Amino acid sequence: MIQNVALPFLRLYWKLFRPKTFGIKVLIQHPKSDQLLLVQHSYYDTSFWHLPGGGYNPKRESAEEAAHREVFEELGIELVDLTFLADYQTSAEGKQDTVSIFTAVANSVELALSNEIKSAKWFDPSGIPTEQIYKITRFVLEYYI
């Protein structure tokens, strides 16, 4: 995969030039229960569970538009009741990243996974494997639950 090959070079670039980047993450609720959707990426930390999302350019689209686009691209579902929760700032990878976090309800439970997603699973909030979730996901779950 191109992402696997490019990631080390991107990380080096981020550490050298510390660019400002923007991303979104969405905590998606099942349309008929309290379950929450988490994903495992196919290209990075494949054993960890993450919130769906990705990067965007604020000159080209809003964070809300990016949330709808990324979730549809990765999972093939539309979002209902998209609500801004918080901004999360991090420089963990060397870049100065601002991640806008949203909550939403899925319009469907039928997922069409892209090649970026290794797997996706609906979890009861009490059954989320906290030792296998990424730092930003932990932050969001603590904020939300």
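The values are calculated or read from the model by the stated rules, or taken from the named source; none is laboratory data. These numbers come from a predicted model, not from an experiment. Please note: Cβ atoms are built from the backbone with ideal geometry, for glycine as well, and neighbour counts cover all protein chains shown. Ligands, DNA and RNA are excluded from the accessible area calculation, which covers all protein heavy atoms including side chains. Shrake-Rupley method; radii C 1.70, N 1.55, O 1.52, S 1.80 Å.
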_Checking the conditions here, which among Glu74, Glu70, Glu64 is open to solvent by 30 Å² or more (accessible area, probe 1.4 Å), touching a residue at least 24 places away in the same chain (Cβ under 8 Å) and in a helix (DSSP H, G or I)?_
Glu64
_Residue match in segment 37-46 (condition: open to solvent by 70 Å² or more (accessible area, probe 1.4 Å) and in a loop (DSSP other than H, G, I, E, B))_ = no
*Check on Asp97, touching a residue at least 60 places away in the same chain (Cβ under 8 Å) and either more than 15 Å from Tyr144 (Cβ to Cβ) or of a type in the set (Asp, Glu) (or both)*: yes
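Conditions tested, residue by residue: (1) modelled with pLDDT of 95 or more; (2) within 18 Å of Thr137 (Cα to Cα); (3) within 14 Å of the chain's Cα centre (by Cα).
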residue: Leu27; (1), (2), (3): yes, yes, yes
residue: Val39; (1), (2), (3): yes, yes, yes
residue: His68; (1), (2), (3): yes, no, yes
residue: Glu74; (1), (2), (3): yes, yes, yes
residue: Thr83; (1), (2), (3): yes, yes, no
residue: Lys95; (1), (2), (3): no, no, no
residue: Val105; (1), (2), (3): yes, yes, no
residue: Trp122; (1), (2), (3): yes, yes, no
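May I ask you to list the residues in segment 77-93 that are part of a loop (DSSP other than H, G, I, E, B) and open to solvent by less than 20 Å² (accessible area, probe 1.4 Å)?
Passing the criteria: only Ile77.
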*Matching residues in segment 94-145 - criterion: being touching a His at 6+ places or on another chain (Cβ under 7 Å), open to solvent by 30 Å² or more (accessible area, probe 1.4 Å) and not in a loop (DSSP other than H, G, I, E, B)*: Lys118, Trp122
_Thr83 - would you say it is closer than 23 Å to Ser33 by Cβ and touching a residue at least 60 places away in the same chain (Cβ under 8 Å)?_
no
